Amino acid sequence: MKVEFSYLSRQFREAGPTEDAQQFYANQVFEDLREFIRTGDFTLGRKLEEFETRFAAFIGVKHAIGVNSGTDALILSLRALEVGPGDEVITCAETFIATAGAIAAAGARPVFVDANDEFTIDADRIESAITDRTKALVPVWFTGNAPDMERIMEIARRHHLPVVEDSCCAIDAAIDGKRAGTFGTTGTFSFHPLKNLNVWSDGGMITTDSDEKNRQLRLLRNHGLVNRDEVEVFGVNSRLDTMQAVVALRMLGDVTSITDQRIANAKRLDQAFSELPGFIEVPRRRPNVRHVYHLYMVRAKDRDALLRHCVEKGIEAKVHYPIPLPYQRCCRHLGYHRGDFPKTERDCASIITFPAHQHVRHDELQYIIDTVRSFYRGK
């Protein structure tokens, strides 16, 4: 049996995520696009405005600003906070390169803090990383799980630091019903094809309750233009294409059901893997957190051998990520050394990601479970 990590071929081959859907997603979106093309409203158009309004309402904020990617959402958020050369920005050592890359692109120095046991930033270690050059905090909702935002925001308030949430993996994630992207000065989201809300290409969104940050960000994403003839600041071209917003509008109504299915799939894997103590370690799952499982990650004994075994059996398991980010070549100038981030190092040597997306079938989940069990049998 083959269990694919990417679900895109199924998303647009099968009916939508609800069983009573009558049409294929692709056909629905193509019909929407045919209607849109007739309008010629391609740049910062009405459909983008509609999507921004609906996304803001879904997340629970006043403003949503569509941009080119989740990475640009981070970069522009930092620029709106006037982060630049000579500044430091604190983030988690266990994350995708885009988080630190955005800090570097803004001209600042990434300062890493080790992870906790849930693959998110260890809030107990943040204050020791703050210096007089610290300009912002960027906690990451890595894997779709929540960092300790209450504690992080308390630290930020005491030190008068703005918070940019890297919630690119966490559309529809929440703590006690309060969604990702509503805690910090800004929240940032990605619509990459493998996110639970995707736009057939790269795309991103920034959320904020600040009227002034909303105004600044809309300038920054569109060359700094106040209107066709007046430029207030130097900006960039980082607009979310209106055509992409058309696709996203079709998807937005299904985000909750998509996420619910991911959660159900993750729960089934959790239950099965919890029966393999000493071999598979399932991270703590907090009952007040809506974890959206952009990545379903656990720690595994003999990880590399298990990974090879799963791939040989047709299961597209992966590792996110095998090399700690602070030790990548691009970060060598930051001066970190082995031993600085013990939990991140442990995770990079032991984590494995299994397909748990909304299109994984019941029999495929069972095949993953049986394959993992068979690997450890007799060990």
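Read-outs: derived from the displayed coordinates by stated rules, not from any lab. Quick caveat: nothing in here was measured; it's all calculated off a predicted structure. Note that we place each Cβ from the backbone using ideal geometry, even for glycine, and neighbour counts take in every protein chain shown.
Just a few scattered comments:
- Working ranking of peptides 167-179, 183-195, 275-287 by packing, defined as the average number of other Cβ atoms within 10 Å per residue, highest first, is 183-195, 167-179, 275-287.
- For the stretch 1-152, a crude dipole built from +1 on the beta carbon of Lys and Arg and -1 on the beta carbon of Asp and Glu, taken about the Cα centre, is about 560 debye to the nearest 20.
- Within straight-line cross-link reach of Lys2, aspartates and glutamates at Cα separation under 13 Å, skipping those fewer than 8 residues along the same chain: Glu312, Glu316, Asp363, Glu364
- Antiparallel DSSP beta bridges within the chain, percent to nearest 5: 60
- When the P(r) of the stretch 255-376 is calculated, the portion above 17 Å amounts to 60% of the C-alpha pairs.
- Linear extension gain, Arg361 paired with Arg228, 0.36 nm per residue minus alpha-carbon span: 42.8 nm
- Farthest toward the positive end of the dipole of the stretch 121-250, out of Asn145, Val163, Val247, is the Cα of Val247, where the dipole comes from beta carbon charges about the Cα centre.
- Positive dipole terminus of the stretch 9-252, leading residue within Val113, Ala80, Ile175 (C-beta point charges): Ala80
- Partner lysines for Lys47 [C-alpha distance under 27 Å; skip if fewer than 8 residues away on the same chain]: Lys62, Lys178, Lys195, Lys213
- Peptides 256-269, 69-82, 200-213, 36-49, ordered by how many other C-beta atoms sit within 10 Å of their residues on average, highest first, read 69-82, 200-213, 256-269, 36-49.
- Dipole magnitude of the chain about its Cα centre (Cβ charges: Lys, Arg +1; Asp, Glu -1), debye to nearest 20: 640
- Sum of -39500 (n - 2.57) over DSSP H runs of 4+, divided by residues of the chain (222 nm, nearest 500): -11000 deg cm²/dmol
- Full extension of the chain segment joining Leu33 with Asp260 gains 79.0 nm, where the gain is 0.36 nm per residue of separation less the Cα-Cα distance.
- Charged-residue dipole, Cβ positions (Lys, Arg, Asp, Glu), the stretch 243-379 about Cα centre, Debye nearest 20: 320
- With the charge dipole of the chain set up from +1 on Lys and Arg Cβ and -1 on Asp and Glu Cβ about the Cα centre, the Cα lying farthest toward the positive end among the listed residues Asn198, His63, Pro277 is that of Pro277.
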